[in-house]
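Peer 1: Quick one: this structure, given as structure tokens, is what I'll be asking you about.
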Amino acid sequence: MSIEISPKTEDRSLKQVVSDLRLDAGLLVRQEIALAKAELKNKISGAAKQAALFSAAGLLAYGGLLVLFAALVLFLIAIGVVAWLAALTVAVVVLLGAFLIVQRARRPKKSPPQ
């Protein structure tokens with residue numbers, strides 16, 4: 001956008017000034033909308049990258065947790081527990097832990113008295 005400054009500003013009528021103002025305001029609004037769109041697109045792409053990284057980290061953590069459970073079953077087998085009982089014991093402990101977490105999450109949070 002170029003701004004022309006003429007030395008003879010008295011040649012412009014009030015109608016021309018208002019018309020120029022309307023055109024410039026419209027241009028400014030369109031440019032601001034374009035800038036807002038570009039900034040929003042940039043923020044959304046950054047958030048999408050972060051979400052993908054968190055998802056990958058979550059999958060790796062889940063896989064690691066499963067390996068730890070398998071290692072616990074193998075440990076119980078190594079100390080003499082029958083294989084089916086070792087797997088059942090680990091499964092019951094894991095499910096009990098999950099149940100306790102769900103019960104705690106279902107409890108409404110008490111708000112402090114005001």
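The values are calculated or read from the model by the stated rules, or taken from the named source; none is laboratory data. Nothing here was measured: the structure is a model prediction, and the numbers come from that model. Here Cβ is always computed from backbone atoms with ideal geometry, including for glycine, and neighbour counts include all displayed protein chains.
Peer 1: If we scan the range 24-41, do we find a residue that is within 21 Å of VAL94 (Cα to Cα), in contact (Cβ under 8 Å) with a residue 12 or more places away in the chain and of a type in the set (A, V, I, L, M)?
Peer 2: For the range 24-41, residues within 21 Å of VAL94 (Cα to Cα), in contact (Cβ under 8 Å) with a residue 12 or more places away in the chain and of a type in the set (A, V, I, L, M): absent.
Peer 1: Let me ask something else. Which residues, counting only those in the range 82-114, are part of a loop (DSSP other than H, G, I, E, B) and either within 20 Å of ALA70 (Cα to Cα) or in contact (Cβ under 8 Å) with a residue 40 or more places away in the chain (or both)?
Peer 2: VAL82
Peer 1: Taking ARG30, is it out of contact with any helix residue (DSSP H, G or I) (no Cβ under 7 Å at 6 or more places or on another chain), of a type in the set (Lys, Arg), in a helix (DSSP H, G or I) and exposed (fewer than 10 other Cβ atoms within 10 Å of the Cβ)?
Peer 2: no
Peer 1: Let me ask something else about it. What are the pairs with Cβ atoms under 6 angstrom where one residue, in the range 51-70, is surrounded by fewer than 10 Cβ atoms within 10 Å (Cβ to Cβ) and in a helix (DSSP H, G or I) and the other, located anywhere, is at pLDDT below 95 and of a type outside the set (A, V, I, L, M)? Sequence gap at least six, or different chains.
Peer 2: Listed by first residue and then by second, the contacts come to nothing, as the list is empty.
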